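Report on the structure given below.
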2 protein chains.
Amino acid sequence: MLCSMASNGQSAKLPGFRGADASGGWMGKPRALELLASQAVIVRADREEEIVGQGEAAEYCYVVVSGCVRTVRLMEDGRRQVGEFLLPGDMFGWEALEEHDFSAEAVTAATLRRYPRRGLELLADRDHELARRLRALSARKLRAGRERMLLLGRKSASERIASFLLEMAERTGSGEGSPIELPMSRTDIADYLGLTIETVCRGLTHLQRQGTISIERARIWIRDRRALGVAGCEALH
Amino acid sequence: MLCSMASNGQSAKLPGFRGADASGGWMGKPRALELLASQAVIVRADREEEIVGQGEAAEYCYVVVSGCVRTVRLMEDGRRQVGEFLLPGDMFGWEALEEHDFSAEAVTAATLRRYPRRGLELLADRDHELARRLRALSARKLRAGRERMLLLGRKSASERIASFLLEMAERTGSGEGSPIELPMSRTDIADYLGLTIETVCRGLTHLQRQGTISIERARIWIRDRRALGVAGCEALH
DNA sequence: GAGGATGATTGATGTGTGTCAATGCCTCTG
DNA sequence: CAGAGGCATTGACACACATCAATCATCCTC
């Protein structure tokens, strides 16, 4: 069950929280939320536990403190699309309308800070800086969304897999030599990339045989960053 | 060439503009922009003309007044993904960061109102109502984006085509009996749905043979709304 | 009204990825 | 340490959609 406790603005001292801002959250750092700290509640979720349900009234939004969370859209016949993987520092749920149009589930055991959406709205009315941050945040999410549409609509399976590895390497900040620790299962990756689990496996194996990466379960080393960029159709810069 | 002229806040009287708010823009009506009218410029674009270029500095944002505009992301080898089709009342470009990460092109001859992004930002700082509208606008765009990820990642060709027809029927407000007038080519539809033009054609023909729709070039009648909903995996309500 | 350009449609064929199924590897439990 | 369960990997095969190619419809031009 989802466990929560009031944090009384002292959440910065709670275990697992200190690294949140330092981690450089992919979707933007919600520093301005410090003003809302008094309304924040720390929530813990076990692995595979649902944090918000698709269609649920959107009362709260969340910041991931530790662990990994996925957003999921489900079709009635069970087909699944993972919208995004959220890592420490990432925020979600504030961009809802009346209700959440996706569910959020813990990929690993996770800690989150939960804020009332209404409080955020009211604060944004008074704090231009926060409002701007929220706009920048949604701009980044929209940009990421367009990138993913290109991936889902036009890239081949191997291109998707290479792009995914590059994205995760960037987000987890895994440098030369240090591996990417993938918190999610192959099934999650497949549902994120619009592929099947078998195709993801084969794609990874293929990259390994080429010498581009090394695989050890959930740990992946990038051996040839350049080749991976080419395989993922990385734009020139 | 892109033609523009200062509107001095009287643009509401310009031909083609009157219908903009009445049309119920899909992405939300930017009524609050009336406050920015003095900074607005009317821009005209010929069919197939580029309005903003991918990678261009994001100085302006736009509201479509008449015609149809598409946003496009291009890969180096020519693969193309259409992000969205913009109809009268729809706004785009305000959710950029430093530069636009997509290009916008006129599908048909189009008229747009162009606003300086900086002016919009400044106004949003003072006007909570506008800021809220912008947040709601991006929430809707993000929601639409998640819906499209599901479509691109998990739906079959025929499901995508049925979903597309339903979306266009909704947005153009074509009721029973009156046809959908599709402003875009089959190629555009294909690039929007992550398919090839041939697959789009075949899918449409198939729906016609089933008696679900009737086709006459760019005009499409929905004969069996229910069957189309099933074909497009429309969620129950 | 002939000729050409452009876009839509249809057909034949190929292939990338999905589906089905077997096996392997690791972890947990008693 | 045996057995079970969960996930990852690999193989064989099928099929949905892409590709290649031909034809058709419409519009434009001279």
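The values are calculated or read from the model by the stated rules, or taken from the named source; none is laboratory data. Predicted model only: the values in this text are computed from it and were never measured. Using ideal geometry, Cβ is built from the backbone for each residue, glycine included, and neighbour counts are taken over all protein chains shown.
Here are some notes:
- Members of the stretch A:58-82 that are in contact with a helix residue (DSSP H, G or I) (Cβ under 6 Å, 6 or more places away or on another chain), touching a residue at least 60 places away in the same chain (Cβ under 8 Å) and of a type outside the set (D, E, K, R): A:Gln81, A:Val82
- Residue count for the stretch A:138-181, restricted to those that are out of contact with any helix residue (DSSP H, G or I) (no Cβ under 8 Å at 6 or more places or on another chain), within 14 Å of chain B (Cβ to nearest Cβ) and in contact (Cβ under 8 Å) with a residue 12 or more places away in the chain: 2
- Candidate set: the stretch A:83-96, residues that are among the small types (Gly, Ala, Ser) and within 14 Å of chain B (Cβ to nearest Cβ); chosen: the one farthest from A:Ala109 (Cα to Cα): A:Ala96
- Enumeration of residues in the stretch A:198-214 that are within 12 Å of DNA strand C (Cβ to nearest atom) and more than 14 Å from every other protein chain (Cβ to nearest Cβ): A:Glu198, A:Cys201, A:Arg202, A:Gly203, A:His206
- Wholly enclosed helices (runs of 4 or more DSSP H) of the stretch B:164-237 bearing at least 3 residues within 16 Å of DNA strand D (Cβ to nearest atom) and under 27 Å from B:Arg73 (Cα atoms): B:186-193, B:197-209
- Some residue of the stretch A:138-154 being more than 14 Å from the chain's Cα centre (by Cα), aliphatic (A, V, I, L, M), within 16 Å of DNA strand D (Cβ to nearest atom) and not in a helix (DSSP H, G or I): no
- Count of residues meeting criterion [hydrophobic (A, V, I, L, M, F, W, C), more than 10 Å from chain A (Cβ to nearest Cβ) and within 16 Å of the chain's Cα centre (by Cα)] in the stretch B:101-137: 6
Listed here are the residues, each with its yes/no results for (1) surrounded by fewer than 19 Cβ atoms within 10 Å (Cβ to Cβ); (2) aliphatic (A, V, I, L, M).
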{"residue": "B:Met75", "(1), (2)": "yes, yes"}
{"residue": "B:Glu84", "(1), (2)": "no, no"}
{"residue": "B:Gly89", "(1), (2)": "no, no"}
{"residue": "B:Ala104", "(1), (2)": "no, yes"}
{"residue": "B:Val107", "(1), (2)": "no, yes"}
{"residue": "B:Ala136", "(1), (2)": "yes, yes"}
{"residue": "B:Ser156", "(1), (2)": "yes, no"}
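- Residue in the stretch A:162-182 that is among the hydroxyl-bearing types (Ser, Thr, Tyr), away from DNA strand C (no atom under 15 Å from the Cβ), surrounded by 14 or more Cβ atoms within 10 Å (Cβ to Cβ) and in the same structural domain as A:Glu49 (by TED's automatic domain parsing) present: no
- Meets criteria (of a type outside the set (Asp, Glu), surrounded by 21 or more Cβ atoms within 10 Å (Cβ to Cβ) and more than 16 Å from DNA strand C (Cβ to nearest atom)) for B:Leu152: no
- Close pairs (6 angstrom Cβ cut-off, 6 or more residues apart or separate chains): within 14 Å of another protein chain (Cβ to nearest Cβ) and touching a residue at least 24 places away in the same chain (Cβ under 8 Å) in the stretch A:182-197, part of a helix (DSSP H, G or I) and within 12 Å of DNA strand C (Cβ to nearest atom) anywhere: A:Ile189/A:Val200; A:Leu193/A:Arg160; A:Gly194/A:Leu152; A:Gly194/B:Gly153; A:Leu195/A:Ala157
- Among the residues here, B:Gly232 does not qualify as surrounded by 21 or more Cβ atoms within 10 Å (Cβ to Cβ), under 21 Å from the mean Cα position of the chain (by Cα) and within 25 Å of A:Ala190 (Cβ to Cβ).
- Filtering the stretch A:66-82 to residues that are in a loop (DSSP other than H, G, I, E, B), more than 10 Å from chain B (Cβ to nearest Cβ) and on the phi < 0 side of the Ramachandran plot leaves only A:Cys68.
- Test result for B:Thr172, of a type in the set (S, T, N, Q) and closer than 30 Å to A:Ser156 by Cβ: no
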